[in-house]
Structure formats: C-alpha cells, structure tokens
Amino acid sequence: MKKDFSLEPSNMPGVDVYIKALKEDGTSYPNCSNHSGDLTLQGFCDAANALIEPFGKALEKAREISSANR
Amino acid sequence: MQTDDAIEEKRVKSIFGAFILLAGKGYIDRNRFTLNVSLLKLTVKHYSRNLKALKIRYGIEDNAQPQKAAGFITAAIMKFRPVLPKNGSDGNLFHGDENEVLAAFHGFCICAEQIDGKIDLPQVVSLWSKPEFGEWLKNFIYLLRFGDYTAESLVLSFDALARFAK
C-alpha cells in the first residue's frame, strides 16, 4: 500500500470481492429446520402430569447427593 | 404460526403450571416461596425476544423446535429467577434450587410434548425413571446454578434428551 494511502468510503481497493460474496445466494448463514407443529398448553400439561413423578424421584435423589457432598 | 402474544401467554401459563405442580407435590415449598408476577413477565418477554432473534438468525420461518424453546426459556428463568422467597430475611437460601428445579422441569416438559408422534412420552418417562437420572439431574441443577453457559448450549442438553426419547 502506498505511503500516502488514505482510507475513504470510495477508496477501498479489493472490497468488491467481499461485497459480491455477501450478495450471492446460497452462501449465506446456515438455516435450522422448522418444527412441524405448534406446542400446545394441553400437550405441556399432559407431559407435566406424566413426568412429575419420575422427575420428583430423580430430584429427591439429586438433593440427597448434593446434601451428602456438602 | 402463533403470534407473539399467544406464545407469551402460553409460556406464562406453562411456567405457572409447572410451579403449582411442583409446589403441589412438595418439591417447592409454597410456604417459603412465591412466583413473582413482574419477574415472570420479564422472563417471558425476554424469552420471546430471544426466540425471535434466534429465528431470524437461523432462518426459521415457522415454529422453532421444542428443544430450542426449552433451552431459551430455561436461560430466561435462570436470568430473572422469578421464584422468590416470601421472607426477605430467609437465611437458608444458600442451598436452595427452586428456580433451577422449575427451569429444568419446565424445559423437559416442553421437550416431551407429543407432536406428530416425534416424542414418545412413555419412553421419556422410562428414561427419567432410570436410577442414573438422579445424578444427572444433580449435575444439571449445579450447572444452572453455578456454571457458565449460554441459552444455545442449554438447547443441546434438551436436544439430547429429546433425541434419546424417540
């Protein structure tokens, strides 16, 4: 780069390559898949009612282990 | 696709539902703890905005996967800690895990919702009933309380459980 180079918006040699890549389709940020349905409150309640017992037993064990580690 | 208002209302109800179920079974002492209205609102609003940002970032045009919702709402609950002690002078909070328990249980229930048969609820229950889950849950609660993590890294924890339950 010449010693008397001064950066300006209009004076950025080589930037065109990057702008061209930015505007190109198919080379953009990766996408994630969508979920097929809506999560519902009924579904949540059904899951919660089914899981509370095994979760509760695991939690009691977890709290026992934590207490023993203190 | 659901509106932001519908998503936020659903999450207020699901967090509240998880809280009263946990309290009803004695896992959160309702005599000592309450679910604060304003902190719950902050939690859900923060989650809603983060979810929108996530959808934009990853080009998710419709609904996000349950494990993404679970990871982000768990992080929001941990950020704002809506379960508060009723007594501000309660000196026995050092070993408390009420917010972590609420966040974990709520997140797992979101992941277990049966949509198009992709999550086998009996399989999830069976997985949760394994004796190793107590140790795993202890470590997960410890991570939520004391560890460093991002919302997206929590998504992976829920994602693993959701995949094993298929």
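Please check: in the Gaussian network model of chain B (C-alpha springs, under 10 Å), which one of B:G71, B:G134, B:G107 has the largest mean-square fluctuation.
B:G134
With chain B treated as a Gaussian network of Cα nodes joined by springs under 10 Å, which of B:T43, B:T74, B:T34 yields the largest mean-square fluctuation?
B:T34
Using the 10 angstrom Cβ neighbour count as an exposure proxy, how do B:H95, B:H106 rank, fewest first?
By the 10 Å Cβ count, ascending: B:H95, B:H106.
Calculate the spin-label point distance for B:T3 paired with B:W136, positioning each point 7 Å from the Cα along the beta-carbon direction, and give it in nanometres.
3.9 nm
Which order do B:C109, A:C45, A:C32 fall in if you start with the one that has the fewest other Cβ atoms within 10 Å?
Exposure proxy ranking, most exposed first: A:C32, A:C45, B:C109.
With 10 angstrom as the radius, rank B:D97, A:D25 by how many other C-beta atoms surround their C-beta, starting from the fewest.
Ranking B:D97, A:D25 by Cβ neighbours within 10 Å, fewest first, gives A:D25, B:D97.
Could you tally the net charge around B:Y142, taking each other residue with its Cβ under 13 Å from the Cβ of B:Y142, Lys/Arg +1 and Asp/Glu -1? Present the calculation step by step, with values, prior to reporting the outcome.
Numbers: positive: A:R63, A:R70, B:K138, B:R145; negative: B:D97, B:E100, B:E135, B:D148.
Residues close to B:Y142 contribute a combined charge of 0.
For chain B, what does the alpha-carbon gyration tensor say about shape, rounded, prolate or oblate, given a ≥ b ≥ c as the root eigenvalues, a/c under 1.5 as rounded, and a/b over b/c as prolate?
oblate
Say R0 is 35 Å: what FRET efficiency, to the nearest 0.05, do B:L121 and B:H95 get from their beta-carbon distance?
The computed FRET efficiency comes out at 0.65.
Which whole number gives the average, over all residues in B:57-70, of C-beta atoms from other chains lying within 10 Å of the residue C-beta?
Average neighbour count from other chains, rounded to a whole number: 4.
Which lysines have a Cα lying under 25 Å from the Cα of A:K57, excluding residues fewer than 8 positions away in the same chain?
B:K13, B:K25, B:K130, B:K138, B:K166
So how much slack lies between B:K13 and B:N36, counting 0.36 nm per residue of separation and subtracting their Cα-Cα distance, in nm?
6.9 nm
Counting helices only, and only those DSSP H runs with n ≥ 4, report the 222 nm mean residue ellipticity of chain B as the sum of -39,500 (n - 2.57) divided by its residues, in deg cm²/dmol to the nearest 500.
Calculated from helices alone, the mean residue ellipticity at 222 nm is -21500 deg cm²/dmol.
Between A:I19 and B:I56, what is the FRET efficiency for a Förster distance of 22 Å, r being their Cβ-Cβ separation, to the nearest 0.05?
Efficiency for this residue pair is about 0.50.
Counting only other chains, what is the mean number of Cβ atoms within 10 angstrom of the Cβ of each residue in peptide B:6-12?
That works out to 2 on average.
How about B:K10: which aspartates and glutamates have a C-alpha closer than 19 Å to its C-alpha, ignoring those fewer than 8 places off in the same chain?
Partners within reach: A:D38, A:D46, B:D62, B:E113.
Values quoted throughout were computed directly from the atomic coordinates according to the rules given, and no laboratory measurement underlies them. It should be emphasised that the depicted structure is a prediction, and the values quoted were computed from it without experimental measurement. As a convention, Cβ positions derive from the backbone with ideal geometry for all residues, glycine included, and neighbour counts pool all protein chains shown.
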